[in-house]
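Below you'll find the structure, written out as structure tokens, and then a few comments.
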């Protein structure tokens, strides 16, 4: 059983056949300027295809669009086809969306990450739709012998008003397929959009809501075995000895195999391999530093005062500015490691055969899964196929391929098709965490409360560069120094939704709130003054759009009634990340002497909103996620071993804890940018700044629930 | 190993498994009913929620040997075509992001509304706060439960 339409070449031929002699348009995702080209069905069936992706129109009018990017809950499988369908001018209810497999010949950037899919594909998708539409118009013009300029389209129908004639796209598809694809096709004006900007439901709603097999963990292949992998007990440990005799004797167990520092139990069912794994007797020995959270705190303190940090940005003369300052504000902020905790734990299906490898499962980067598999086995990447399933979340965890390789290693050792599953405990203790980071901010104020100097040092554990040195307020402060240290640790880290900015934004926007207070200025006006400065007399390079920063700030302040409300305490936060701009205002009310987070306003500028329903939920979900992890997320270590392993000790936010959220978009018609990440970073500070207003207690470390300041107000 | 006869979604199934095998894994591995999801294995997240004699139950900690003749309903059996009022409401409100937790959310909501067809906001919050959604679709879950409560019961 294959759980998804398998869109490799064999299935492409099926798709071609389903088009019933209609139009098959290849559209090029590689280059915005590339010319789409038409292929006839015979050519498609023969596999003579030089294109990167395809939209087909069947004679019954059904539009099939291949969506090449992985769907992880960001809604790309709905948003991409909306863009094509808009320019194509079709009836949305007749659009069928098919997930494409990995195909690096046809597609570029088959990645779910960095909020980058929409900005990457916006022009390509519109061109694809518009080109097909124009060919259908030309086909009608030829048939009716009227000028193409007199022909209009709507909902998959071509019309000529003068002679009162109409034909459906399906009826014209065969004619259109014979035409040469035009170049330089004019795209629609944003004001003429019929689909883009509407609320359109998730294309997978029905299979999701009826429990159909969609996810990697649902995949089943006749004769496949189940596997679980025992990873080392702690970061910095390696296997000394393995006694698998008891495990091997347990019911349903086919084999126990060892690779690198892992032991895999392979058997007939998930439960059997899970129980047998518990019967393994593995001894470990030290292989590196066995770090504890207390070690990290000591390392942070040491590096915070060490010379020779890596300078990330230097504007003006920061030491001179601090020397002449009337007032200096200095604070430190710290966050812990975080696991990603997607609801679907890591899993993958692998079948390593003599002639090649078949991979099926949830991955944000199918190309990496393929290439790392090829490298591991010493084979050519073209011997590896990757079919992408819908993902039960990823949040960056599935950008790594370690869990894919678990499946590949096991299948290779047992010479059988294998579905490898991590338990929640494996998932939470399996590394690739959001790195722990500490920041120190310093601001120099002159006698008028202007910020004349700004220093930021970031120290991270396997965080690389934990600063985003060109983000605001860089460009708005004449004298600025941003530097960093990285401590190398056996604890593995990786991108976690809105990498680095997920905590940096909290720290920075909380600190700017502190500076505004110290300067005796309104926090919103303080930001606006800085932005005005960045616009009029920028310090160094400004790599964000100042006007868009100002616009979301003003929109949030207007909608929230900033500074005009009685009985609520407001906190402001503003952040630009992953190409989108988001300002948030948190509202806290005091109930019986305790602060309650009542509401968060969000003003977002992601350019054109493709799908109102999807976009709003990305923002609301990002805020809930940002709030939950700021409040509770805490992964700690003792001698290299994670101290939290499941949701009983690692808390995620629940439904009864969410504040009201109201979302507003800036309507500016600018080319769209992504929304999978940008709403999360500002949330922590919107809440913390409002809590400060309400209680005079400043939260500087996450999770909040572990902070003395927080405990004192709750 | 022992042979268990199970009443699921109005049909009879047989599974030859160890007595301590959780219902979740019998559904998923032995019977091919994979709509019920694994999330934590310790009854903390609600992704595995099914109905046992109408009660919302965490199937990940329910040994198959304890089911007996109880009637089990999974997401696949809630309705044939997704027409249960809760499923319809989930579609109308467009709740799902990644969608992985939603079967458990829907089963929790359906059992809750059967007992309390016209709940107030606090009751909805209390009923739906045992199910985790990492995407943060809680506002829409809450709204969808309200929408479902306005539909004719099924």
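Just so it is clear, none of the values below were taken in a lab; they were calculated from the coordinates. No experiment lies behind these values; they were computed from the predicted model shown. Positions of Cβ are backbone-derived with ideal geometry, glycine not excepted, and every protein chain shown enters the neighbour counts.
Order of A:231-244, A:475-488 by packing, highest average Cβ count within 10 Å first? Display every interim value, and only then the final one.
Working: A:231-244: 17.3, A:475-488: 21.0.
Result, highest mean Cβ count within 10 Å first: A:475-488, A:231-244.
Could the peptides A:287-294, A:160-167, B:123-130 be put in order, highest first, of the mean number of other beta-carbon atoms found within 10 Å of their residues? Could the numbers behind the result be given before it?
On the way: A:287-294: 16.1, A:160-167: 13.5, B:123-130: 18.5.
Put in order of decreasing packing, that is B:123-130, A:287-294, A:160-167.
Return the whole-Å distance between the Cα centroid of the stretch A:334-402 and the Cα centroid of the stretch B:118-154.
With the stretch A:334-402 and the stretch B:118-154 each reduced to a Cα centre, they are spaced 34 Å.
Give, in nm to one decimal, the length gained when the segment between residue A:714 and residue A:233 is fully stretched (0.36 nm per residue of separation minus the Cα-Cα distance). Let's see the in-between values first.
On the way: separation 481, 0.36 × 481 = 173.16 nm, distance 3.63 nm.
Length difference between fully extended and current span is 169.5 nm.
Counting pairs of alpha carbon atoms under 8 Å apart in space and at least six apart in sequence, what relative contact order in percent does the stretch B:85-149 give?
In percent, rounded to a whole number, it is 54.
Is the C-alpha gyration tensor of the stretch B:85-149 telling us rounded, prolate or oblate? Criteria: a/c under 1.5 is rounded; beyond that, a/b larger than b/c is prolate, otherwise oblate.
It comes out prolate by the Cα gyration axes.
Give the percent of DSSP beta bridges with both residues in the stretch A:410-531 that are antiparallel, rounded to the nearest 5.
Numbers: 9 of 19 bridges.
Just about 45 percent of them are antiparallel.
Assuming a ≥ b ≥ c are the square roots of the Cα gyration tensor eigenvalues, decide whether the stretch A:491-615 counts as rounded (a/c under 1.5), prolate (otherwise, with a/b larger than b/c) or oblate.
Numbers: a/c = 1.37, a/b = 1.18, b/c = 1.16.
Note, shape of the stretch A:491-615 comes out rounded.
Determine the percent antiparallel among the DSSP beta bridges restricted to the protein assembly as shown, to the nearest 5.
Given both bridge residues lie in the protein assembly as shown, the antiparallel proportion sits at roughly 75 percent.
Express the relative contact order of the stretch A:606-714 as a whole percentage, based on alpha carbon pairs under 8 Å and six or more residues apart in sequence.
On the way: 115 pairs, mean separation 43.3, N = 109.
Relative contact order comes out at 40 percent.
Give the shape of chain A as rounded, prolate or oblate, defined through the alpha-carbon gyration tensor: a ≥ b ≥ c are the square roots of its eigenvalues, a/c under 1.5 means rounded, and otherwise the shape is prolate if a/b is larger than b/c and oblate if not.
Note, shape of chain A comes out oblate.
For the residue pair residue A:105 and residue A:371, what label-to-label distance in nm results when each label sits 7 Å from Cα along the Cα-to-beta-carbon direction?
Inter-label distance under the simple model: 1.9 nm.
Restricting to Cα pairs below 8 Å that are 6+ residues apart, what does the relative contact order work out to for chain B? Please round to a whole percent.
About 24 percent, as a whole number.
Taking Cα atoms, how many degrees apart are the long axis of helix B:102-115 and the longest axis of chain B, rounded to 10 and kept between 0 and 90?
Approximately 80 degrees, to the nearest 10.
Nearest 500 deg cm²/dmol is fine: what mean residue ellipticity at 222 nm does the protein assembly as shown get from its DSSP H runs of n ≥ 4 alone, each adding -39,500 (n - 2.57), divided by its residue count?
Estimated from H runs of four or more residues: -9500 deg cm²/dmol.
Can you give the average number of partner chain beta-carbon atoms within 10 Å of each beta-carbon in peptide A:387-394, as a whole number?
Whole-number average of other-chain Cβ neighbours for A:387-394 is 3.
Mean-square fluctuation check for chain B, GNM, Cα pairs under 10 Å: which of B:142, B:58, B:11 is largest?
Sorting by GNM fluctuation, first place goes to B:11.
Counting only other chains, what is the mean number of Cβ atoms within 10 angstrom of the Cβ of each residue in peptide B:41-48?
Neighbouring Cβ atoms belonging to other protein chains average 5 per residue here.
Averaged over its residues, how many other protein chain Cβ atoms are within 10 Å of peptide A:268-275's Cβ atoms? Before the final figure, lay out the partial values.
Details: counts 3, 8, 8, 13, 6, 0, 4, 3.
For peptide A:268-275, the averaged partner shielding equals 6.
So, in Å, what gap is there between the alpha-carbon centers of the stretch A:646-680 and the stretch A:699-714?
Centre-to-centre distance over Cα atoms comes out at 22 Å.
Could you order peptides A:462-472, A:182-192, A:196-206 by the average number of other Cβ atoms within 10 Å of their residues, highest first?
Final packing ranking: A:462-472, A:196-206, A:182-192.
Specify the residue with the greatest mean-square fluctuation among B:69, B:57, B:36, computed from a Gaussian network of chain B linking alpha-carbon atoms under 10 Å apart.
For chain B, modelled as a Gaussian network with Cα springs under 10 Å, the answer is B:69.
If you find the alpha carbon centre of the stretch A:561-590 and of the stretch A:440-507, how far apart are they in angstrom?
Between the Cα centres of the stretch A:561-590 and the stretch A:440-507 lies a distance of 21 Å.
Highest GNM mean-square fluctuation, chain B, Cα pairs closer than 10 Å: which of B:78, B:113, B:31?
Greatest mean-square fluctuation among the candidates belongs to B:31.
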